[in-house]
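J.: What follows is a single structure, and I will ask about it in a moment.
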Amino acid sequence: MVVVTLTDCPPKVRGDLTKWLIEVNTGVYVGNINARVREKLWQRICENVKNGRATMVFSTAGEQHLGFWVHNTDWQPVDYDGIWLVKHPIPDSAGKANSAKQGFSAAAKRRKGSCYQKKRLQKAADRSYCVVDLETTGLSPTEDCVIELAALRVRQGVCKEEFSALIRCEKRLPPSITALTGITQELLDREGISCEQALSEFLSFVGTDRLVSHNAAFDCQFLQNLCQECQKPMLSNQWTDTLNLARQKIGDVENYHLETLANYFSLEIEQTHRALEDCYLAQGIYEKLNEIQDSS
């Protein structure tokens, strides 16, 4: 959501705004646009509004869930360690800048300190996790088998260790899965281990870490079903889904497939539809998404 308010708005600026936003009142424009359009539109406003005043408020993915820009106004946004506050002159103090100390209230400073500490801890947690992925014989958790499990242990944004295991399946591997993944029945027979052993090693590897996955609901459902079959405790880890995160932060992509997002962020793609390789792609996408500070 984007809201723009203008005073003394030239017709040219009004024409540009109504191409993208709805004028709900005189000088007030509202709509949904992506981050790139928003930045271009703000640039056009600042270049053409001349002596008029402009304010843009927009949704972001930050802690406050909003951001704002101003032009030709005494009220100024100030970023205090990621927390946005508004600084504006006190009318009674006009012309007394040298004799009156300006700043924020004690309550605002306490809130800033509390939010900063919370944000710092959250950033540290966001950069330590395990990326997980799996390959299956189909889409049904109750009828199809997991044939490959993989995970990456990430600490402070750096991959420290990897896990990968092929799993023998009681059913014959469908040719369509071989064509998609490159995994053959001969490879499973030669290098595959039992699902009990693979799951035990996987659970030991991820421990209690937060799990990051692309389309986490799919992976989680298969893993929980596998835990039940192997009589293992159900996974209680927290999950972060890069698919949902991408939908929140990116609006200018054709779809949200793993390969599409990897191309969007210019990540190197060696192979897809193998669990370990897809883990590395998901980890790269997750780190790139975390770098996006705001998006419509």
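J.: Could you please give the count of residues in region 1-35 that are buried (at least 16 other Cβ atoms within 10 Å of the Cβ), in contact with a Gly (Cβ under 8 Å, 6 or more places away or on another chain) and part of a loop (DSSP other than H, G, I, E, B)?
T.: The total comes to 3.
J.: A follow-up question, please. Under 6 Å between Cβ atoms, which residue pairs at least 6 apart in sequence (or on different chains) link something in region 210-228 that is open to solvent by 40 Å² or more (accessible area, probe 1.4 Å) with a partner that is part of a helix (DSSP H, G or I)?
T.: So the pair list comes out as 215/243.
J.: Hey, can you tell me all the residues within region 231-259 that are assigned to a loop (DSSP other than H, G, I, E, B), touching a His at 6+ places or on another chain (Cβ under 9 Å) and closer than 14 Å to residue 131 by Cβ?
T.: none
J.: Then there's this: Looking only at region 36-55, decide whether some residue is farther than 27 Å from residue 246 by Cβ, loosely packed, with under 13 Cβ neighbours inside 10 Å and among the acidic types (Asp, Glu).
T.: The answer is yes, given that some residue of region 36-55 is farther than 27 Å from residue 246 by Cβ, loosely packed, with under 13 Cβ neighbours inside 10 Å and among the acidic types (Asp, Glu).
J.: For region 143-179, which residues satisfy the criterion of being of a type outside the set (Gly, Ala, Ser) and under 18 Å from residue 215 (Cα atoms)?
T.: 144, 145, 146, 147, 148, 149, 152
J.: Which one of the conditions (1) open to solvent by less than 10 Å² (accessible area, probe 1.4 Å); (2) closer than 27 Å to residue 291 by Cβ; (3) polar (S, T, N, Q) does residue 181 fail to meet, given that it meets all the rest?
T.: (2)
J.: Then there is this: Give all pairs with beta carbons closer than 6 Å in which a residue from region 166-180 that is under 16 Å from residue 272 (Cα atoms) meets a residue that is open to solvent by 30 Å² or more (accessible area, probe 1.4 Å) and in a loop (DSSP other than H, G, I, E, B); count only pairs at least 6 apart in sequence or on separate chains.
T.: Listed pairs, sorted by first residue: 178/184; 180/273.
J.: I've got another one for you. Please go through region 271-294 and pick out each residue that is touching a Lys or Arg at 6+ places or on another chain (Cβ under 9 Å) and either surrounded by 20 or more Cβ atoms within 10 Å (Cβ to Cβ) or under 30 Å from residue 178 (Cα atoms) (or both).
T.: Those that are touching a Lys or Arg at 6+ places or on another chain (Cβ under 9 Å) and either surrounded by 20 or more Cβ atoms within 10 Å (Cβ to Cβ) or under 30 Å from residue 178 (Cα atoms) (or both): none in region 271-294.
J.: Are any of the residues in region 258-266 among the hydroxyl-bearing types (Ser, Thr, Tyr) and open to solvent by less than 30 Å² (accessible area, probe 1.4 Å)?
T.: No: region 258-266 contains no residue that is among the hydroxyl-bearing types (Ser, Thr, Tyr) and open to solvent by less than 30 Å² (accessible area, probe 1.4 Å).
J.: If you take the residues in region 184-199 that are over 23 Å from residue 271 (Cα atoms) and buried (at least 19 other Cβ atoms within 10 Å of the Cβ), which one is nearest to the chain's Cα centre (by Cα)?
T.: Going through the qualifying residues, I end up with 199.
The values are calculated or read from the model by the stated rules, or taken from the named source; none is laboratory data. Not measured: the values here are computed from a predicted model. Reconstructed Cβ throughout: ideal geometry from the backbone, glycine too, with neighbour counts over all protein chains shown. Just the protein is used for accessible areas: all its heavy atoms, side chains included, with ligands, DNA and RNA removed. Shrake-Rupley method; radii C 1.70, N 1.55, O 1.52, S 1.80 Å.
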